[in-house]
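S.K.: This is the structure, below, for whatever I ask next.
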Amino acid sequence: MQEFVLIQPGGTLEGESAGEIRKSRLHREFEACLAECGPLAFRVAQGVLRNSADAEDVAQEALLRAYQKFDRLQDLKRFRAWLVRITFRLALDRWRSTKRRERRETEWSLPEQQPAPASTEEIAASSEFQSRLERALEALPEKFRLVLLLAAIQGYTLEEVAKILGVPLGTVKSRLFLARKQLVEKLR
Amino acid sequence: MNCKQCQEKIMESLAAGEDVLAPEVATHQNSCVVCGEFYVAQRNLFQAVDTELQSLVNRPVPPALLPAVRARLDEMPVPRRAWSASWSFAALAVVAIMAVSIGHSLRRPGSHPNSPKATSSASPSVSNPQTAVHPPREWRNSFPKPKVKRVGPAVSSTAAPEVIVLEEERQAFAKFVAELPEQRGVALTMTRPALEADKDSLEIALLRVESLELKSLEGTPGE
């Protein structure tokens, strides 16, 4: 017996389920957000982890998590702020687990030789400056750290940082001021 | 302004990202060698920090990042809609509430028609204080007491006939009994059981129709 399938113009085949249609729509919307905010996720992760490979992993994970709950996001304008928070949290978790692993591995090694205190100019000029800055950054409170990282990303003004964090501009300026002050005091 | 105050102001100005110092701070810093050196050192330190931070976060994005994410997106299942999750939770909650309420109603002793409470509530002389009716003593004595055969509790609850008395009827009966002392004669007449002699005097007679004429069905001449 021959079967006939009625195909309406502009319609969909019966075999194409609603789930597939929804998936394609979600893909389209998420693709736009991905192209816009993917690099930002990597940069936030890079600012925390200071390792490109780890930052790439964390950025991927953050983007996939954002996709899994993309339907719950009612306002697409808030996607960037949402993604930054997810990425920052994941990066901090990764950084902490890395630190724990390093501590376990160096537990049996010889204690580090503490360098003699140096002047400010010497610190800035020395090769150890980067590691000192990293330690100073790690000692900062998380909210100061995030503001500092976001403000350092090219193309992001303090107004945009305030939008991303969902706080007033004055709060961003205050946090940035305190973060820079504390950072330099730790480096002196 | 002393040196300590000046250095504090210098630090605050540099931390705030201001390019120009306040006039009184600039005056002191120009006249004081120590504060001048402090300013230059701190400015270099802030610049080094800013440069390092910018180079850290503005490294080029790996070109494989977005394609890798896209490839993993295709393998992932469609995320569930938020509303469907919430509605499924609501449906589960409704089912749970219904199950609990049905179970509760089945376990209630008065809800089952064969239960002892339901049987006893059918009679006006029940233990319910609001609907229980107690007629006057002399009126109760005027009727012959029914012979009650006492049986076990298990038998009495099931063997007793079930009479469902509506709430309105129960209230009306209670009102009727309450008004008995005023019209006692009428009440006794209405509620008195019929005697055997009265039953025997009844006669059932056949109905007779005398002026009835029967004709056979015949057609008229015109038909």
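S.K.: Mind grabbing the accessible area of B:Val94 for me, 1.4 Å probe, Å², rounded to tens?
M.R.: Counting only protein heavy atoms, B:Val94 exposes about 80 Å² to solvent.
S.K.: For the pair A and B, how large is the buried accessible area, both sides, in square angstrom to the nearest 100, if the probe is 1.4 Å? Numbers along the way, then the final one.
M.R.: On the way: alone 13410 and 19680 Å², together 28900 Å².
So the buried area, both faces added, is about 4200 Å².
S.K.: Give me the one-decimal nm value for the distance between modelled label points at B:Glu75 and B:Glu213, 7 Å along each residue's Cα-to-Cβ direction.
M.R.: Going by the 7 Å Cα→Cβ label model, 11.0 nm.
S.K.: So if R0 is 30 Å, what FRET efficiency would B:Asn2 and A:Phe177 give, r being the distance between their Cβ atoms, rounded to the nearest 0.05? Provide the component values of the computation, followed by the final result.
M.R.: Working: r = 23 Å, r/R0 = 0.77.
After rounding, the FRET efficiency stands at 0.80.
S.K.: Ordering A:Lys99, A:Lys173 from largest to smallest accessible area (1.4 angstrom probe), what's the sequence?
M.R.: Details: A:Lys99 70, A:Lys173 110 Å².
The most accessible residue leads, giving A:Lys173, A:Lys99.
S.K.: At what distance in angstrom do the alpha carbon centres of region A:25-53 and region B:24-55 lie from each other?
M.R.: 36 Å
S.K.: Here is a follow-up. In whole percent, what relative contact order does region B:1-61 give with Cα contacts below 8 Å and a gap of six or more residues?
M.R.: Values: 30 pairs, mean separation 20.8, N = 61.
Answer for region B:1-61 is 34 percent.
S.K.: If r is the Cβ-Cβ distance from B:Ser88 to B:Leu166 and R0 is 60 Å, what FRET efficiency results, to the nearest 0.05?
M.R.: Values: r = 44 Å, r/R0 = 0.73.
Given R0 = 60 Å and the Cβ-Cβ separation, E is 0.85.
S.K.: Here's another thing I want to ask about it. Which entries of A:Lys163/B:Lys9; A:Lys99/A:Lys186; A:Lys77/B:Lys9; A:Lys99/B:Lys9 have Cα-Cα distances beyond 32 Å here?
M.R.: The answer is A:Lys77/B:Lys9; A:Lys99/B:Lys9.
S.K.: Okay, next question. Can you pull out the GluC sites (Glu not before Pro) in region B:20-80 that DSSP calls coil and that have at most 13 other Cβ atoms within 10 Å? Each step should come with its number before you reach the end.
M.R.: Details: sites: B:Glu24, B:Glu37, B:Glu52, B:Glu75; in loops: none.
Passing sites in region B:20-80 do not exist.
S.K.: While we're here: Under a crude label model (7 Å from the Cα following the beta-carbon direction), how far is A:Arg22 from B:Val33 in nanometres?
M.R.: If labels sit at A:Arg22 and B:Val33, their model points lie 7.7 nm apart.
S.K.: Shifting gears a bit: At 7 Å along the Cα-to-beta-carbon direction for both B:Arg43 and B:Ile97, put a label point, then send me their distance in nm to one decimal.
M.R.: In this crude label model, B:Arg43 to B:Ile97 measures out at 7.1 nm.
S.K.: Note down the accessible area of B:Met76, probe 1.4 Å, to the nearest 10 Å².
M.R.: 30 Å²
The values are calculated or read from the model by the stated rules, or taken from the named source; none is laboratory data. Just so we're clear, the structure is a prediction, and the values are computed from it rather than from any experiment. Neighbour counts are summed over all protein chains in view; Cβ atoms, including those assigned to glycine, are modelled from backbone coordinates with ideal geometry. Please note that ligands, DNA and RNA were not included when accessible areas were found on the heavy atoms of the full protein model with its side chains. Shrake-Rupley method; radii C 1.70, N 1.55, O 1.52, S 1.80 Å.
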